[in-house]
Amino acid sequence: MQHPHRRRKKTRFLLTTVVTGALAAAGLTALTVGSAEAATARQVEKLDRGVVSVHTDAGNLVSWRWLGTDPNDVAFNVYRAGTKVNSTPITGSTNYFHSGAPNSADYTVRAVVGGVEQGDSVHAIQFRTGYKDVPITPPAGGTTPDGVAYTYEANDASVGDLDGDGALDFVLKWQPTNAKDNSQSGYTGNTIIDGVKLDGTRLWRIDLGRNIRSGAHYTQFQVYDYDGDGKAEVAMKTADGTKDGTSAVIGSSSADHRNSGGYVLSGPEFLTMFNGQTGKAMGTVDYVPARGTVSSWGDSYGNRVDRFLAGTAYLDGARPSVIMARGYYTRTVIAAWDWRNGAFTRRWTFDTNSSTNTGKGYDGQGNHSLSIADVDADGKDEIVYGAMTVDDNGNGLWTTKLNHGDAGHVGDHNPSRAGLEYFKVSEDSSKPSSWMADARSGAVLWQTATGGDNGRGVAADIYAGSAGSEAWSASDTTLRSATGGSLGREPSSINFVSWWDGDTTRELLDGTRIDKYGTSGDTRLLTGASVHSNNGTKATPSLSGDIFGDWREEAVWPTSNNTALRIYSTPNETSTKITTLLHDTMYRTALAWQNTAYNQPPHPSFHIGNGMATAPRPTVYTP
């Protein structure tokens, strides 16, 4: 499977700020690359400056976005209530610590381009107590047909600019307290999806209805601007009785396809694109693939047939497409959809039952999650689905045949070798418990011994004493280097990671806390106040990622009483300047798929870590 040649490092994200004539004529802003190897510019969100002010006892950390559409040499000035607080323009970072200022201080930021100061940014979002609360309202509970009462808990969230104002909004999934894993029988309450602005204004509420069962594997919602109109849409699987944000019903309002075990194994299944501003269903098509014969997916009671994954990928290299999938234990089908001009068009379908080589031999290789990345450096995204990857054209690219697992991490884990790498854990006791592969070819670079169901694993640069990312997993006993060597003590958690403090190594995020790895022990940096994690033992936040401020990552947890999304942003100053990760499309699509099944943390297309090279700039345009 080894590719015959090693590729150069990607140059797609190398810079300039010239607006191309064709895009300008179409009313679009673009960056082109001053290089013969320039790739197609990718559509990204037209974001505001994302300024935040995080209060500490010593003052306020003000941070903001360096946008992909900003010049390389942009500088910044920080203003409090119209008075500049920095002495010289800030060039080496996108943050400023204002000592002694009160938590109510009002900040704006002004870019300086070619020596000319531009206008004010939006006003800073104030984290007056170290966090920012977004008010939310739980749906009313209910009782299932067998008499079991349930209430609602705030679960996974995603972000997108739903109304086109340049600020990110939340899309939140409400899960009933009787949500089920597919292996468990029993009725569940309905799954509810809300669109919520940062001030708590609820734009809409979608009720997926009785014919969509609730649980981690049933509803994977995607939030992205698919048609390039400057506003994010929301795509998800629907069924008879789904009510959109205007209370209009999809399909039959009276149909009840649940069987006595609570499973939904009959009736129509749909894919619907909802308007992000109003929640209105704009287009609905049959879900691909149809369930067909339930037992053909691996069991007859409804477990494997209803395992769904979803993502967003730039399959043409420029604009995003919706990825919707079914199955991974046995048969796997992945459908790619474009949403253009108010209609769905199916781009391709990958099916392991195909009689052609498109998907033949790829059955049983899926994860409880997926990743999206341009693994072969052709400018177009692939779907990394587990122990297999599907090319941008819908053909199988590679499979290691090392079978199903829970977690996978695609990134530039070893910056000393060409291309991206992929770290994965395995549930098959006859296969290596974890392995690192070349993401382009699937060639395994190193692996750990066989043994048991290895349910957790992470790869990220958490230790400055070893080059590149480190990797660790539940069934291994050591932290491993990017090349597989033993580094000693494993971290205290095997879950999420977060760039939180001022350096470029990543921190550990688990449950409702953030820790710093150390060779003799981990150091607590943050404990969330009166918040809860989600998804049982997975203990994941509603969302973790770079959503405001500079390139460091926010953590979003629901409050214990489910009346707010509590956002934490770092109070630590950094001297590192990196373009907002929201404009690195591998990272941005990772935020979109983060809610899929067993949530995994996002990784950018380039290496961020100790001794890193200067971060590349993206080649992007905004609607």
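The values are calculated or read from the model by the stated rules, or taken from the named source; none is laboratory data. Since the model is a prediction, treat every value here as computed from it, not as a measurement. Here Cβ is always computed from backbone atoms with ideal geometry, including for glycine, and neighbour counts include all displayed protein chains.
Please work out which residue is farthest from Val159 (Cα to Cα), limiting yourself to the stretch 309-338 and to residues that are among the basic types (Lys, Arg) and touching a strand residue (DSSP E or B) at 6+ places or on another chain (Cβ under 7 Å).
Selected residue: Arg326.
Could you please give the count of residues in the stretch 522-563 that are in contact with a Ser or Thr (Cβ under 8 Å, 6 or more places away or on another chain), of a type in the set (Ser, Thr, Tyr) and in contact (Cβ under 8 Å) with a residue 40 or more places away in the chain?
Adding up the residues that qualify gives 4.
State whether the residues of the stretch 504-512 include one that is part of a strand (DSSP E or B) and more than 23 Å from the chain's Cα centre (by Cα).
So far as the stretch 504-512 goes, no, none of its residues is part of a strand (DSSP E or B) and more than 23 Å from the chain's Cα centre (by Cα).
Among the residues of the stretch 394-407, how many are farther than 16 Å from Thr450 by Cα, surrounded by fewer than 22 Cβ atoms within 10 Å (Cβ to Cβ) and under 22 Å from the mean Cα position of the chain (by Cα)?
Residues flagged as farther than 16 Å from Thr450 by Cα, surrounded by fewer than 22 Cβ atoms within 10 Å (Cβ to Cβ) and under 22 Å from the mean Cα position of the chain (by Cα) within the stretch 394-407 amount to 1.
From the list Val234, Val148, pick out the single residue that is of a type in the set (Val, Ile, Thr), over 20 Å from Thr559 (Cα atoms) and surrounded by fewer than 18 Cβ atoms within 10 Å (Cβ to Cβ).
Residue meeting the stated conditions: Val148.
If Asn534 satisfies every condition in (1) surrounded by fewer than 24 Cβ atoms within 10 Å (Cβ to Cβ); (2) more than 18 Å from the chain's Cα centre (by Cα); (3) at negative phi; (4) not charged (D, E, K, R) but one, which is the exception?
(2)
If I filter the stretch 302-335 down to residues being in a strand (DSSP E or B) and not aliphatic (A, V, I, L, M), which single residue comes out as farthest from Lys180 (Cα to Cα)?
Ranking the candidates gives Ser321 first.
For the stretch 78-95, which residues satisfy the criterion of being polar (S, T, N, Q), in a strand (DSSP E or B) and farther than 15 Å from His123 by Cβ?
Once the filter is applied, which keeps residues that are polar (S, T, N, Q), in a strand (DSSP E or B) and farther than 15 Å from His123 by Cβ, the stretch 78-95 yields only Asn95.
Looking at (1) β-branched (Val, Ile, Thr); (2) within 15 Å of the chain's Cα centre (by Cα); (3) surrounded by fewer than 23 Cβ atoms within 10 Å (Cβ to Cβ), which is the only condition Val196 fails?
Among (1) β-branched (Val, Ile, Thr); (2) within 15 Å of the chain's Cα centre (by Cα); (3) surrounded by fewer than 23 Cβ atoms within 10 Å (Cβ to Cβ), Val196 violates only (2).
Per-residue answers, yes or no, for (1) farther than 30 Å from Leu67 by Cα; (2) surrounded by fewer than 16 Cβ atoms within 10 Å (Cβ to Cβ):
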residue: Glu490; (1), (2): yes, no
residue: Asp501; (1), (2): no, no
residue: Ile514; (1), (2): no, no
residue: Ser520; (1), (2): yes, yes
residue: Thr559; (1), (2): yes, no
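For the stretch 336-352, give me each residue that is over 26 Å from Leu402 (Cα atoms) and outside any strand (DSSP E or B).
Scanning the stretch 336-352 gives Asn341, Gly342.
Of the conditions (1) among the charged types (D, E, K, R); (2) within 20 Å of the chain's Cα centre (by Cα); (3) surrounded by fewer than 24 Cβ atoms within 10 Å (Cβ to Cβ), Arg588 satisfies every one except a single condition; which number is it?
Here Arg588 clears every test but (3).
Might you check whether a residue that is without any contact (Cβ under 8 Å) to a residue 12 or more places away in the chain, in a loop (DSSP other than H, G, I, E, B) and surrounded by fewer than 19 Cβ atoms within 10 Å (Cβ to Cβ) occurs anywhere in the stretch 245-252?
Yes, the stretch 245-252 contains at least one residue that is without any contact (Cβ under 8 Å) to a residue 12 or more places away in the chain, in a loop (DSSP other than H, G, I, E, B) and surrounded by fewer than 19 Cβ atoms within 10 Å (Cβ to Cβ).
How many residues does the stretch 55-77 hold that are outside any strand (DSSP E or B) and more than 18 Å from Ser104 (Cα to Cα)?
Matching residues across the stretch 55-77 total 10.
Given the residues Asp194, Asp161, which is the only one that is under 16 Å from Ala592 (Cα atoms) and either among the basic types (Lys, Arg) or out of contact with any Phe, Trp or Tyr (no Cβ under 8 Å at 6 or more places or on another chain) (or both)?
Asp161
Which one is nearest to the chain's Cα centre (by Cα) among residues in the stretch 522-531 that are surrounded by fewer than 18 Cβ atoms within 10 Å (Cβ to Cβ) and either assigned to a strand (DSSP E or B) or modelled with pLDDT under 95 (or both)?
Thr527
Which residue pairs have Cβ atoms under 6 Å apart, sit 6 or more places apart or on different chains, and have a first residue in the stretch 326-342 that is surrounded by fewer than 21 Cβ atoms within 10 Å (Cβ to Cβ) and at pLDDT 95 or above and a second that is of a type in the set (Phe, Trp, Tyr) and assigned to a loop (DSSP other than H, G, I, E, B)?
Hits for this filter: zero, empty list.
Looking at Thr219, Thr191, which is the one that is more than 18 Å from the chain's Cα centre (by Cα) and hydroxyl-bearing (Ser, Thr, Tyr)?
Just a single option satisfies the conditions, and that option is Thr191.
Could you please find all residues in the stretch 462-474 being buried (at least 20 other Cβ atoms within 10 Å of the Cβ) and more than 17 Å from Leu509 (Cβ to Cβ)?
Across the stretch 462-474, the qualifying residue is only Gly468.
Search the stretch 358-375 for residues being in contact with a strand residue (DSSP E or B) (Cβ under 7 Å, 6 or more places away or on another chain), outside any strand (DSSP E or B) and not small (Gly, Ala, Ser), and hand back the single one that is surrounded by the fewest Cβ atoms within 10 Å (Cβ to Cβ).
Of everything passing the filter in the stretch 358-375, Thr358 is surrounded by the fewest Cβ atoms within 10 Å (Cβ to Cβ).
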